Amino acid sequence: MYKYDEIDQAIVDERVKQYRDQTRRFLAGELTDEEFRPLRLQNGLYIQRHAPMLRIAVPYGMLSSKQLRKLGDIAKRYDRSYGHFSTRQNLQLNWPKLEDVPDILAELLPCKCTPFKPPAIAYAISPPTSLLGLRRMK
């Protein structure tokens, strides 16, 4: 199972704080739909036909019982008491309120489940050489 190190944790903690502020600004009318769209998408929030859908990454498809209990608790309090696991190794909550999403993300932090997949965290710290435009030496 993937474990966040101190650097990973600092990155996701900061992303949740930023998203809380971005959501507050959107709800206050300070950001347009167009400005908010990329911010919500990178934080796992998709707008479907009837309601928002929050996609929560299951790191490498493995959950501990503690993580599963936390996801169940969040589904009960912020959704309709259920979610579904996708073929992309995510849990999807289909009815969260937009204003609750920053709280959901903050509650997910201690159990190491977020919308951010571990490789995205690793790339933020140390991008693979292909992203840096470096080539292997012969």
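From the list Arg40, Arg88, Arg80, Arg25, the one residue that fits, being basic (Lys, Arg) and either crowded, with 18+ Cβ neighbours inside 10 Å or within 12 Å of Thr114 (Cα to Cα) (or both), is Arg40.
Return a yes/no flag: does the range 20-34 have any residue that is at pLDDT below 85, acidic (Asp, Glu) and over 11 Å from the mean Cα position of the chain (by Cα). Checked the range 20-34: no residue is at pLDDT below 85, acidic (Asp, Glu) and over 11 Å from the mean Cα position of the chain (by Cα).
Quick one: would you say Arg20 is basic (Lys, Arg) and in contact with a strand residue (DSSP E or B) (Cβ under 7 Å, 6 or more places away or on another chain)? No: the conditions fail for Arg20.
The single condition from (1) over 23 Å from Cys111 (Cα atoms); (2) without any contact (Cβ under 8 Å) to a residue 24 or more places away in the chain that Gln48 fails is (2). Criterion applied to Ile56, Ile74 was being crowded, with 19+ Cβ neighbours inside 10 Å, touching a Cys at 6+ places or on another chain (Cβ under 8 Å) and of a type in the set (Val, Ile, Thr), and the one residue passing it is Ile56. The conditions of being in contact (Cβ under 8 Å) with a residue 24 or more places away in the chain, touching an Asp or Glu at 6+ places or on another chain (Cβ under 7 Å), closer than 26 Å to Lys3 by Cα and surrounded by 12 or more Cβ atoms within 10 Å (Cβ to Cβ) are not met by Ile104. Taken over the range 1-19, the criterion of being within 15 Å of the chain's Cα centre (by Cα) and either in a helix (DSSP H, G or I) or exposed (fewer than 13 other Cβ atoms within 10 Å of the Cβ) (or both) is satisfied by Asp8, Gln9, Ala10, Ile11, Val12, Asp13, Glu14, Arg15, Val16, Lys17, Gln18, Tyr19.
Scanning the range 60-102 for residues that are more than 15 Å from the chain's Cα centre (by Cα), of a type in the set (Val, Ile, Thr) and under 15 Å from Leu45 (Cα atoms) turns up nothing.
The values are calculated or read from the model by the stated rules, or taken from the named source; none is laboratory data. Small disclaimer: the values here were computed from a predicted structure and weren't measured. FYI the Cβ positions are ideal-geometry reconstructions off the backbone, even for glycines, and counts take in every protein chain you see.
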